Every structure is written in structure tokens, then in C-alpha cells.
Number of protein chains: 2
Amino acid sequence: MRVLGVDPGLTRCGLGVVEGGVGQPLRMIDVGVVRTPSTDAVPQRLLAVQIEIDRWIAVHRPDAIAVERVFARNDVSTIMGTAQASAIPMLAAARLRIPLALHTPSEVKAAVTGNGRADKAQVTSMITRILRLKEAPRPADAADALALAVCHIWRGGAHDRIVEAVARQRTTTNRAPSHTRRTRKVT
Amino acid sequence: MRVLGVDPGLTRCGLGVVEGGVGQPLRMIDVGVVRTPSTDAVPQRLLAVQIEIDRWIAVHRPDAIAVERVFARNDVSTIMGTAQASAIPMLAAARLRIPLALHTPSEVKAAVTGNGRADKAQVTSMITRILRLKEAPRPADAADALALAVCHIWRGGAHDRIVEAVARQRTTTNRAPSHTRRTRKVT
């Protein structure tokens, strides 16, 4: 399976494509960062990111897209741009009917380093080893995008099946049990 | 001038089209609300909103788009969806080269009621009178979208010229003076 990982952002949006499967060696197909100048208007910046993401999807034809789940409690000075940028891979996935999954930063860190509280240097170091790269991917946003794709492959289809089962249950239940509601994340 | 007002949201996205100019009578062209079920996945909900906004732009061919500025301090349970939805009119405006302006809720309230802290009932009541409607637009999101369009027309081109001048200054200055940075809004 081929996965496009997206670390959303307006100043820097990390993109990484990884191919492989659970129990198979993983291979990096491409990695990069889209940058847009903060002096440009937000609509122009969003469009620039969209053009690049659409191009990556057309070139690499991923089987799935993995996006970092953005939390409302993150840094408020950048949260709006990050949230707006995260809409772009979502719109592309829905339009092209490509499965999309969100992974939290701690899920990604746990998947690639075994520690949900690993720092950026540890994630970059492990990604470099896992994908047998000659050089560490730079900047951190690029490594994060690859880590998202690796996380998605290693979590396999099981996660999606759980998400789908929960969604089905929600649709058929008038009111979800309180523990489900409490653990639901802000998307 | 014809303006499309957008009150962004995933559960309810208000859309309103108003035609007129400063010192001229205003006329409502269309008003509506896009609703998406909370049981659907966010990508599907964003795509549903995008399809409707693109359709409204194609049908009404607005000269400008006015979007409510979303603040990071708003209700955290809905802020991510609202921020993601606000990216949709921005992407359309940038793609189609339609001027887009953001107006804060208090700017909109002040423009249509004279009071930046007016409640929803006051805004709806004034919009009904300003546009000489037979019935008050419902729900509040629809009235808010019309109020955004009216606000944009009444603020005229002056606001955009100020925004452009500030943007030019920012581009030519290495570091903006502290009072500019402090008053800059999170988009």
C-alpha cells in the first residue's frame, strides 16, 4: 500500500509518500515541504498548498492519506492556519474517494519510536532508520509527514475498521454511551 | 456590486447574496444554509459544503466574498470544523480570483445595528428591515451570512484599500512595529 502523509500548515506543510505493508519493508517514495510566504493573503496561501497536494496525489496515486489530527488546544497563533490547511487533504480525499485517516501526534510518535512523548529529534532519527535513508529528512515537518505515513501503514486496516464500526454504531444509536462521547476527539 | 456572505460551519454554513452599493438600496438575491450530518466523516462534510459554495458562486457570480473571521478563542468544541469550513470560500476565491474579505462578528454587528455587541435577534431584525424582507431569515446563520454581505458593501472599498496598504507595508518592512503585531488577528 502507498500512503501520503500530510503534516498540515501554511508556513510549512510536510508531505511524504511511503510504500509497504505490515511486516514488509517500507520504502520512501518522495518527501517534501510546501512553503508559503506569510506576507501573502491566506486564500492565496491555501490555494498554493492545494495545488501542490493535488499534484502529489496525481503523481503518486496514494491508496490512503494520513493527516495529523489538529487539536484546538495547540498554539493559538498558528492553529487557524493549521486547521484551514488540514481541510485541503480532506477535500482532496473526499473528492477522489481516497481513504483518509487522522492520527494524533502521540499516536505517530508511539508508532515510530515506541514512545508517545518522543521529541522531534527522536522521530527524525527513527524515520531515517526505518526507511533506511542516507540522510535525515529536513525540516522536521518533512520527517513528520513520513512518520504519519509509516504510522498509518503499521496501524494497518485495523484502525480504520474500528473507526468505521464506531461510526456505524453512532449512526444507529440515538445517543452514544457517555464513555464514547467523552473520548471523541475534536476534528 | 454583488457580494456572497459566508458564515462558515460544518453543521450549518450560512450563505447569503446581496446586491447594491454604498448609498444605494440593497437587495437580497438569495439566502440559504448548507447542513451536513455530524455522523458523516469530516472530509465528506467539507466536500458537501464545497460543492454547495461552488454552486452558489457559479449561479450568482459574486464580485466579492465576505467571510466571518474565525477566532481561536471561540468555542473549542466547534472551532476546528469552523476553521476548516472557512478554508472553502477562501480556496474558491483564490482559484477564481474573486476578492475576499474577512469581517469580525463585532464589525458585522456594528455595521448592521450600530452596536458591535448586538445579539442575534437584533441582527436578524435589522437585516430584515435593511433588505425589506417579508419574513425574517431563519436560522440565525442565514441572517448572519446576509449581514456579512451588507457589512462588506457598506464598508465599501475603503476597508480593502486599508488592508492592501497594511499588507504592502508589511512586505516592505522587515519587522512590523509592535502595535501592528499586537493588533494583528489570527486568520
Just wondering, is there one or more residues in the stretch A:44-55 that are at pLDDT below 95 and either of a type outside the set (A, V, I, L, M) or over 24 Å from B:Arg69 (Cβ atoms) (or both)?
no
In the stretch B:54-67, anything within 13 Å of chain A (Cβ to nearest Cβ) and crowded, with 23+ Cβ neighbours inside 10 Å is listed as B:Ile65, B:Ala66, B:Val67
Only one of (1) closer than 19 Å to A:Asp30 by Cα; (2) touching a strand residue (DSSP E or B) at 6+ places or on another chain (Cβ under 6 Å) fails for A:Ala58. Which number is that?
(2)
I'm checking my understanding of the structure. Among residues of the stretch B:21-46 that are in contact with a Ser or Thr (Cβ under 9 Å, 6 or more places away or on another chain) and of a type in the set (A, V, I, L, M), which one is farthest from B:Arg2 (Cα to Cα)?
B:Ala41
Flag if A:Arg73 is farther than 19 Å from B:Leu102 by Cβ, surrounded by 17 or more Cβ atoms within 10 Å (Cβ to Cβ), modelled with pLDDT under 95 and basic (Lys, Arg)
no
Test of understanding: among B:Ile29, B:Ile51, which residue is under 30 Å from A:Leu96 (Cβ atoms), surrounded by fewer than 21 Cβ atoms within 10 Å (Cβ to Cβ) and without any contact (Cβ under 8 Å) to a residue 60 or more places away in the chain?
B:Ile51
So, B:Leu133, is that one closer than 19 Å to B:Asp30 by Cα and touching a Pro at 6+ places or on another chain (Cβ under 6 Å) or not?
no
Given the condition touching a residue at least 40 places away in the same chain (Cβ under 8 Å) and farther than 16 Å from B:Ala87 by Cα, answer yes or no: does some residue in the stretch A:73-95 qualify?
no
Can you name every residue in the stretch A:21-53 that is among the acidic types (Asp, Glu) and within 14 Å of another protein chain (Cβ to nearest Cβ)?
A:Asp40, A:Glu52
Candidates B:Thr78, B:Thr104, filtered to the one that is among the β-branched types (Val, Ile, Thr) and closer than 20 Å to B:Leu46 by Cα:
B:Thr78
When A:Pro25 is evaluated against the numbered criteria (1) under 18 Å from the mean Cα position of the chain (by Cα); (2) modelled with pLDDT under 95, which criterion, by number, is the only one it fails?
(1)
I'm checking my understanding of the structure. Among residues of the stretch A:119-129 that are surrounded by 20 or more Cβ atoms within 10 Å (Cβ to Cβ) and among the aliphatic types (A, V, I, L, M), which one is farthest from the other protein chains (Cβ to nearest Cβ)?
A:Met126
Count - residues of the stretch A:7-26 that are over 19 Å from A:Gly156 (Cβ atoms) and buried (at least 23 other Cβ atoms within 10 Å of the Cβ):
7
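The values are calculated or read from the model by the stated rules, or taken from the named source; none is laboratory data. What you are looking at is a predicted structure, and each value in this text was computed from that prediction instead of being measured. Note that we place each Cβ from the backbone using ideal geometry, even for glycine, and neighbour counts take in every protein chain shown.
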